[in-house]
Amino acid sequence: MRDRLIFSPWLALAPALTLIVLLLGAGLIYGVAQSLGVITVIGQSTPSLEAYRNLFTGQGMAGREFWGSLGFSLWVSLTATGISAFLALLVGVWASKSPRDTLALNSNLAFPHLVWAVGLLLLLSQSGLLARWAASLGLISLPAEFPVLVRDKYGLGIILSYIGKEVPFLSLLVISVLRTQPEGYNLVAENLGANRWQGLRFVTLPLVLPALLSGALLAFAFIFSSYEVPALLGVNYPRMLPVLALRFFSDPDLRARADGMAISLVITLITLFVAWLSLRKSEQ
């Protein structure tokens, strides 16, 4: 009994877990307090729901942008996640046959999202490499005539950046599932007369769907709560919620910090809910 107590994994993890809980707890308490208007440096010590009321009723500067930013964030996150999941299924099925085909996927994961976004900006902007090459080849008269693919109001550049990063991640999930499954499933399907499309639909897809769905939910949560790529490749309006939150949190008027913190907590709640859904799907 004593040995079990000494070597309990929870007891071994207690110092690290205590530090994590203290840091996260302190940050969460600080964020909730400021979202309620408790900002002691300017003498505000009375809690108020004014910031949340402004957000949800569309009042104030933050409220006027909140719903548009929420819709834009959902558009970018859902589109990037959906396209990434579809492409990851195709790439994963194709690359699962040969271990060497996964080298490029693993190499992509080594690039941070910010580095990938900078590369995309240098390549696809109207002053980027593709625009200059198109102008030098006579396809367009000036680089400024190149289509607006980054820093556009539809978020195409942001979506392209996340697709380029999330497809390898989700593809590796698909590949890991397929390589642990016996070949007998596909052989049985072929013997029963299934063609390649039917095998993909009735055999492969049900096998990889739980892992792919869980990974897609995590990718959605990550995209929805990320700041650096939307800040680099986005426009001033509409802005994704993390960019909007930081804009009000860093406002010279410290009273606007409550709005920024309220937006941040909304992002946190939505992200935690999606992460919980992913956990539930992975347990099924």
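We did not get these values from a lab; they are worked out from the coordinates using the rules stated. Note that the structure is predicted; figures quoted are calculated from it, not measured. Cβ sites come from the backbone with ideal geometry, for glycine too, and all protein chains shown count toward neighbours.
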Residue that is surrounded by the fewest Cβ atoms within 10 Å (Cβ to Cβ) [pool: residues in segment 32-58 that are touching a residue at least 40 places away in the same chain (Cβ under 8 Å) and closer than 18 Å to Pro252 by Cα]: Val41
Residues within segment 103-129 that are more than 11 Å from Pro168 (Cα to Cα), in contact (Cβ under 8 Å) with a residue 40 or more places away in the chain and of a type in the set (A, V, I, L, M, F, W, C), tallied: 7
Positions within segment 59-68 being within 18 Å of Asp253 (Cα to Cα) and either in contact with a His (Cβ under 9 Å, 6 or more places away or on another chain) or not charged (D, E, K, R) (or both), in sequence order: Gln59, Gly60, Met61, Ala62, Gly63
Where a residue in segment 133-154 is polar (S, T, N, Q) and its partner, wherever it lies, is surrounded by 16 or more Cβ atoms within 10 Å (Cβ to Cβ), with Cβ under 6 Å and at least six apart: none
Check on Ser171, surrounded by fewer than 18 Cβ atoms within 10 Å (Cβ to Cβ) and over 15 Å from Leu233 (Cα atoms): no
Some residue of segment 104-111 being out of contact with any His (no Cβ under 8 Å at 6 or more places or on another chain) and not in a helix (DSSP H, G or I): yes
Enumeration of residues in segment 128-145 that are surrounded by 16 or more Cβ atoms within 10 Å (Cβ to Cβ), closer than 24 Å to Phe111 by Cβ and among the hydrophobic types (A, V, I, L, M, F, W, C): Leu130, Ala131
Cβ-Cβ under 9 Å pairs, at least 6 apart or on other chains, segment 161-176 side of a type in the set (Val, Ile, Thr), far side buried (at least 20 other Cβ atoms within 10 Å of the Cβ) and not in a helix (DSSP H, G or I): Val174/Ser96; Ile175/Ser96
Within segment 83-102, considering residues that are part of a helix (DSSP H, G or I) and free of Cβ contacts under 8 Å to residues at least 40 places away in the same chain, the one nearest to Ala221 (Cα to Cα): Phe86
Count of residues meeting criterion [under 20 Å from Leu272 (Cα atoms) and among the hydrophobic types (A, V, I, L, M, F, W, C)] in segment 18-52: 10
